[in-house]
Every structure is written in C-alpha cells, then in structure tokens.
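This report refers to the structure that appears directly beneath it.
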C-alpha cells in the first residue's frame with residue numbers, strides 16, 4: 001500500500017510534450033480560471049473575472065473573527081494579531097496588476113505538463129490593506145534577519161514534498177511601503193478564492209509572491225528554503241540546474257481579440273472597415289510601459305497609450321486598423337522605460353515561466 005508521499009504524483013512522472021493535454025492538465029484548467037481577454041477592457045478587473053491560481057485547496061474560513069496572523073522567528077517582539085487589530089493600522093489602497101509566472105506556458109514548445117495557461121493568467125485589482133512594514137516594525141526584527149517568510153493556510157504536495165504554500169522576501173523589500181497585508185479587493189472583503197481573510201500583495205512581482213490565506217510570518221537568519229522558494233518558480237534551461245529565481249514581471253501586452261468568435265475554435269471574424277483594437281500592457285517593478293506597437297501582417301505601427309493608472313497597474317492602448325477582406329495576423333508588442341521589449345518568439349524555460357512573447361491573433365475579415 002502506498003504512503004502519502006508515494007501516492008502524491010512527483011514531478012518526475014511528468015514530462016515535456018507537444019501532444020494532447022493530459023487529464024491532470026485539464027483538471028487543473030478546470031480548477032483555475034483565467035481572465036477572458038475581452039475583460040481587458042476593464043481598468044479594474046471585477047473580482048469574478050480576475051485570474052485565479054490555487055496550488056492546493058481553498059481553505060474553508062467562515063469568519064475573519066477567529067483568524068490570527070502570527071509573526072515570529074528572529075524578532076524581539078513576537079506577535080499574534082487578529083484581523084481587527086491589523087485593520088487599526090494605517091490603511092493603503094493600490095491598483096496592482098498581478099500575472100501568474102506561468103502565464104503563456106502552453107506556447108513554449110515543448111511544454112511542461114502543469115497548469116496550462118495560454119494568455120489569461122493576469123488581472124488588475126484595487127487591493128486595500130496595511131503596509132507590511134507596520135507589522136514588522138512592531139515585531140522588531142533582529143539585526144541578523146536575512147529573509148522574511150510568508151506562509152499560507154493552504155497545504156499539499158508538490159514534487160512529493162508536503163508543505164504549506166510559502167514564499168519569502170528580502171528584509172529591505174518586505175519593509176517597502178507598497179508591500180501590503182491586504183484584507184479587501186476592489187473595495188470589498190477578499191473573496192474566499194483570493195485569500196480571505198488576509199493575503200500578501202507584492203506589487204510588480206509575479207503572483208507567486210503574493211501569498212494568500214496568510215497565516216504566519218517568520219523572520220529568518222538564513223534564506224528561506226520552502227519548496228515554492230527553492231524548488232519551484234525558478235527560471236531554468238533544464239529541470240536539474242539551479243537556475244535563477246523568478247521575481248518581477250517581464251514587459252508584456254495583450255489585446256482584446258476583435259470581432260466575434262467561433263464557439264469551439266475561437267477563430268475570429270470581423271467586418272471590413274475601420275476597427276479599433278484595444279488592449280493592456282504592463283511591466284514589473286514599477287517600471288512604466290512607454291510604447292506599444294501593433295503588427296498587421298508583419299507591418300508595425302505605434303498604438304496610442306492611455307494615461308498611467310499608477311506605478312503598478314497595466315496601461316491601456318488603442319490602434320485604428322483599416323481592415324481589408326481576407327486573412328490577417330494581428331500582433332502587439334510593448335516596450336518599457338528600461339528599454340525592455342517583448343520578444344517575437346517565446347523564450348525557452350523548462351517549466352514555461354516568464355513567457356512574454358508577442359500576442360498573436362489570426363483574423364478573418366469579411
């Protein structure tokens with residue numbers, strides 16, 4: 001009879017493939033939801049349309065009244081705080097775009113068998129909470145603090161390793177004014193699937209850093225070695241190499257597919273004439289997008305940019321296309337203030353992290 005570790009499917013049983021999606025991939029796609037690209041029209045993504053990735057089970061939390069956040073480890077003043085106590089601290093609301101690090105991985109060939117994101121692993125919400133630094137200042141980290149770990153209430157196996165979902169930040173970043181312990185999304189309490197009653201929000205980073213159902217904060221004198229920190233979310237050319245940790249988001253843009261779709265294939269049809277193409281573009285670490293170009297059959301022209309919505313939110317763009325009858329290929333490509341531009345082809349990564357290749361939409365104009 002198998003024990004728990006043996007019955008949990010380890011990563012070694014998966015493989016890179018160009019074939020059909022496995023039953024497990026389809027099951028993950030049914031559990032986790034992406035943003036419908038037509039919802040890019042919203043400046044702020046409605047909570048029910050925001051992308052969702054849950055590694056294990058959604059914890060069943062009936063009330064915030066009994067929830068406590070523990071802060072310990074290398075601190076002079078360990079804390080156990082209720083949600084009500086946390087809400088007495090200074091409050092801040094930030095509009096933040098979050099993207100899953102694996103968004104777009106199905107377009108990396110061959111693909112790694114896991115959550116099969118195409119384009120929809122992104123969304124922008126207004127998060128309300130208290131800057132994390134207010135909690136850490138009360139806990140008073142000791143001088144030898146080297147890392148700050150954040151642990152959620154969701155627990156399970158990954159690659160045969162049982163753990164609470166957890167990630168860490170270096171102390172300097174953890175003390176940044178814009179890193180939030182959030183209790184509200186778009187002006188209402190966090191939905192259960194988005195981390196009720198407390199979650200971390202790390203603006204400018206891929207979503208894996210924003211730990212949901214935040215239960216414990218541990219200040220460490222050594223680097224955090226939890227699985228999701230050292231075994232996952234690492235850029236690797238090969239699965240068995242150390243690689244480089246995933247952190248801030250890469251520059252990227254997506255468009256609202258014009259016209260109307262076929263139900264099954266999602267192939268698009270649009271009427272001939274002037275068509276306004278709209279979309280969103282973003283980058284990581286608070287770096288603004290400064291240019292979006294739209295390609296029509298390989299010819300590129302600049303789109304008009306909407307005003308910025310804040311340091312961490314996506315930026316709208318629009319382009320007027322004179323659509324002539326026939327088959328066409330639309331593309332969009334963003335550049336940020338650092339001069340980083342989306343690549344034309346998917347960058348190789350063993351697990352498909354950080355794919356920021358241009359978005360392509362085949363069109364039929366009638």
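No value in this document is a laboratory result; all are computed from the given coordinates. Remember, predicted model here, so these are calculated numbers, not experimental data. Every residue, glycine as well, gets a Cβ built from its backbone with ideal geometry; the counts of neighbours run over all protein chains shown.
What 222 nm value per residue comes from the helices of the chain, counting each DSSP H run with n ≥ 4 as -39,500 (n - 2.57) and dividing by all residues, nearest 500 deg cm²/dmol? Computed ellipticity for the chain at 222 nm equals -2000 deg cm²/dmol. Hey, how many Å between the Cα centroid of the range 277-343 and the Cα centroid of the range 184-204? When both Cα centres are located, 28 Å separates them.
Could you please rank 42, 227, 264, placing first whichever residue has the fewest other Cβ atoms within 10 Å of its Cβ? Provide the component values of the computation, followed by the final result.
Values: 42 14, 227 18, 264 6.
The order, fewest Cβ neighbours first, is 264, 42, 227.
Give, to the nearest whole percent, the P(r) tail of the range 189-230 beyond 12 angstrom, counting all Cα pairs.
Looking at the range 189-230, the distances longer than 12 Å represent 67 percent of pairs.
Of all the options 102, 285, 326, the one that moves most in a Gaussian network model of the chain with Cα springs shorter than 10 angstrom is 326. Two numbers describe the Cα atoms of the chain: Rg and Dmax, which are 21.3, 70 Å.
Averaging the Cα positions of each part gives two centres, and for the range 60-82 and the range 107-134 these lie 26 Å apart. Rounded if a/c is under 1.5, else prolate if a/b is larger than b/c, else oblate: which is the range 286-337, with a ≥ b ≥ c the root eigenvalues of its Cα gyration tensor? Prolate shape, in that a/c is at least 1.5 and a/b is the bigger ratio. The order of 277, 234, going from fewest to most other C-beta atoms within 10 Å of their C-beta, is 234, 277. Across all directions, the average flat footprint of the convex hull enclosing the Cα atoms of the range 216-366 is 12.4 nm². Exposure proxy shown here: for 306, 240, 164, 57, the number of other Cβ atoms within 10 Å sets the order, fewest to most, as 240, 57, 306, 164.
Between residue 66 and residue 290, the modelled labels are 5.4 nm apart [label points 7 Å from Cα along Cα→Cβ].
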